[in-house]
Amino acid sequence: MEKWSLMSIAVLLGLTVRWAVSLGSYSGAGKPPMYGDYEAQRHWQEITYHLPIRQWYFNTSDNNLLYWGLDYPPLTAYHSLVCAYIARWINPDWIALHTSRGYESQPHKLFMRTTVFVADLLVYIPAVILYCSSLKETSAKKKASTCALCILLYPGLILIDHGHFQYPLSLGFALWGVLCLSHDWDLLGSVAFCLALNYKQMELYHSLPFFCYLLGKCFKKGLKGKGLVLLAKLAGTVVLSFAACWLPFATDLEQIMQVLRRLFPIDRGFDLDKVANIWCSLSVLIKIKNVVSPQTQLKLSFAVTFLSLLPACIKLTVQPSLRGFKFALVSCALSFFLFSFQVHEKSILLVAVPVCLIINEIPFMATWFLLVSTFSMLPLLLRDGLLLPYAVTTPAFLAISLACFSILDKTSAEDLQLKAFSFALKGYVSWFKSFPRIVRSLFLLSLSLMGVLSLLSTAVPPPQSLPDLFPVSVSIVSCLHFLLFLVYFNIVILWDSKNSKSQKKIS
């Protein structure tokens, strides 16, 4: 009872912060002609309700794809349709064809905010609660609650979902997939991840760890016996899940191809809108878009992304373990964010949520990463008028992490899961004994730098000759952090001595 009481308090605090953030503005409020992501979600409800399915992804007189055309998989469209029916029942003006563009009444804002709360309550928050409650490493009752509290108060997801405005369903489904796999419910986990991937194509960031972990389990069970049966069941589950999601579009090949063209607009080339990845950072020195064609950009990004995630995927396939799976989710998603073809600032959440799942194992590095991930979205948050929520939730999250996990005391090589790596370096690196002090100093320096850049971005006008000075600085600083984090997580994965202990359970 005590554990669930503490968990209830964590959930209540999480909901309270979400409600407080939702009281403010949202993406594109009062900014015609496009208005922003809030309007995109509303417009998809308008389109899916009034037009037949065969027109949802095609450019027509009633569906101008240049005005927030659907560019997510079918499950997003079905969700929009469900919301549209409820909206139509409350007030038909909210989704009236053509005339509802830019609709911004207070009742409609309340409705849209409520739909996000419902998505949180039905999908994301239950997954967080059950995941934290099932952690085998947490012997103390309080530990699961503090873990849930930190995950539910992670500012990046709150500011984007309830401030900027989007739904947490894809991340929620992915989290359900991780939860199912942690209980060896592999088929249910596959269904959950298929739902995530069919809600947002960005879940491809997590696809290889899911694939490699399950394939590794099949290998361990033996591909001439139980492993082959499991592999057949998994393949059938994935095919049936995708078939169910795409069934209304499966009658016409052109329908499927048009949806895929909308999901993967290759001709657009690199998206370099102040994103904290390698291509945006390099564009300060080299205008990549002007040097190579979109097709070459695609090949280049694919090659670099593939090479950067290959070590973690090979290790996970050869030595499948739940712990290795969670770390691989982080490493592979970070590789996609840093090197893949088209990336949005919000895509860092696809890395941050898996990091939340290991906050109990490496609280210091997880907290540091989650702070940087929120900071990396600062230009987007400022455009959406979310300065005050950012300034309140980020220090609060740091304070809670300090109080719950005493993160500054968790900087030894063992605490950072680097013990095996430190043994490999013994005798070669003389400063490894002072490693905890160095790490703490770097952390404090990082916090200071992020604080200064946050203040400069909000209080100091940039030079006229360099109008993007502060957003670009935020992107480059964040990118450098992420590159170091990528190296760190790959070291933990490749020198993971605990994997062998969990091999027996899988076998």
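The values are calculated or read from the model by the stated rules, or taken from the named source; none is laboratory data. As the structure is a prediction and not an experimental result, all values here were calculated from the model. Because the Cβ atoms are built from the backbone with ideal geometry, glycine has one as well, and the counts that use them run over all protein chains shown. The area values use the complete protein model at the heavy-atom level, side chains included, leaving out ligands, DNA and RNA. Shrake-Rupley method; radii C 1.70, N 1.55, O 1.52, S 1.80 Å.
A few notes on this one:
- One residue stands out in segment 221-244 among those that are of a type in the set (D, E, K, R) and surrounded by fewer than 17 Cβ atoms within 10 Å (Cβ to Cβ): the one that is farthest from the chain's Cα centre (by Cα), namely K224.
- Among the residues of segment 26-51, those that are within 23 Å of I86 (Cα to Cα) and part of a loop (DSSP other than H, G, I, E, B) comprise Y26, S27, A29, Y35, G36, L51.
- Among (1) of a type outside the set (S, T, Y); (2) more than 23 Å from the chain's Cα centre (by Cα); (3) part of a helix (DSSP H, G or I), the one test that D415 misses: (3)
- Residue that is nearest to S308 (Cα to Cα) [pool: residues in segment 206-220 that are open to solvent by 50 Å² or more (accessible area, probe 1.4 Å) and of a type outside the set (D, E, K, R)]: L208
- Being surrounded by 24 or more Cβ atoms within 10 Å (Cβ to Cβ), out of contact with any Pro (no Cβ under 7 Å at 6 or more places or on another chain), touching a residue at least 24 places away in the same chain (Cβ under 8 Å) and farther than 21 Å from C150 by Cα is a description that applies to V343.
- When each of K315, K274 is tested for being of a type outside the set (A, V, I, L, M, F, W, C), on the phi > 0 side of the Ramachandran plot and open to solvent by less than 50 Å² (accessible area, probe 1.4 Å), the lone residue that passes is K274.
- When segment 52-70 is filtered for residues that are assigned to a loop (DSSP other than H, G, I, E, B), over 25 Å from G30 (Cβ atoms) and free of Cβ contacts under 8 Å to residues at least 40 places away in the same chain, the ones remaining, listed by number, are P52, W56, N59, S61, D62.
- Answer from G28, G24, G36 - the residue that is buried (at least 16 other Cβ atoms within 10 Å of the Cβ), in contact with a Ser or Thr (Cβ under 8 Å, 6 or more places away or on another chain) and of a type outside the set (A, V, I, L, M, F, W, C): G36
- Within segment 39-70, the only residue that satisfies the criterion of being closer than 18 Å to I160 by Cβ and open to solvent by 50 Å² or more (accessible area, probe 1.4 Å) is W68.
- L408 vs. criteria open to solvent by 10 Å² or more (accessible area, probe 1.4 Å), under 28 Å from H206 (Cα atoms), of a type outside the set (F, W, Y) and in a helix (DSSP H, G or I): no
- Across segment 76-94, the number of residues qualifying as more than 19 Å from F58 (Cβ to Cβ) and not in a loop (DSSP other than H, G, I, E, B) comes to 12.
- Within segment 347-375, residues that are within 19 Å of L480 (Cβ to Cβ) have Cβ atoms under 8 Å from residues that are open to solvent by 10 Å² or more (accessible area, probe 1.4 Å) and of a type in the set (D, E) in these pairs: F364/D415, counting only partners at least 6 apart in sequence or on another chain.
- Of all residue pairs spaced 6 or more apart or on separate chains, those with beta-carbon atoms under 6 Å, a first member in segment 377-388 that is farther than 18 Å from N277 by Cβ and a second member that is assigned to a helix (DSSP H, G or I) and open to solvent by 50 Å² or more (accessible area, probe 1.4 Å) are L387/T458.
- Residue tally, condition open to solvent by 20 Å² or more (accessible area, probe 1.4 Å) and among the β-branched types (V, I, T), over segment 364-393: 1
- So L188, is it open to solvent by 60 Å² or more (accessible area, probe 1.4 Å), under 18 Å from A244 (Cα atoms) and modelled with pLDDT of 95 or more: yes
- Odd one out for L247, checked against (1) assigned to a helix (DSSP H, G or I); (2) open to solvent by less than 90 Å² (accessible area, probe 1.4 Å); (3) out of contact with any Leu (no Cβ under 9 Å at 6 or more places or on another chain): (2)
- Test: residue in segment 299-308 that is within 21 Å of A366 (Cβ to Cβ) and over 15 Å from the mean Cα position of the chain (by Cα): yes
- Selection from segment 471-495 of residues that are of a type outside the set (V, I, T), in contact with a Pro (Cβ under 9 Å, 6 or more places away or on another chain) and open to solvent by less than 10 Å² (accessible area, probe 1.4 Å): S475
- Residue pairs meeting the criteria (Cβ under 6 Å; at least 6 apart or on separate chains; first on the phi > 0 side of the Ramachandran plot, in segment 71-96; second charged (D, E, K, R) and open to solvent by less than 20 Å² (accessible area, probe 1.4 Å)): none
- Condition met for S80 (at pLDDT 95 or above and surrounded by 14 or more Cβ atoms within 10 Å (Cβ to Cβ)): yes
- Verdict on F111 being of a type in the set (F, W, Y) and either in a loop (DSSP other than H, G, I, E, B) or within 22 Å of the chain's Cα centre (by Cα) (or both): no
- Residue pairs meeting the criteria (Cβ under 7 Å; at least 6 apart or on separate chains; first in contact (Cβ under 8 Å) with a residue 12 or more places away in the chain, in segment 108-120; second not in a helix (DSSP H, G or I)): V116/Y167; A119/Y167; A119/P168; D120/P168
- Segment 146-197: number of residues that are charged (D, E, K, R) and either part of a helix (DSSP H, G or I) or within 14 Å of V123 (Cα to Cα) (or both): 2
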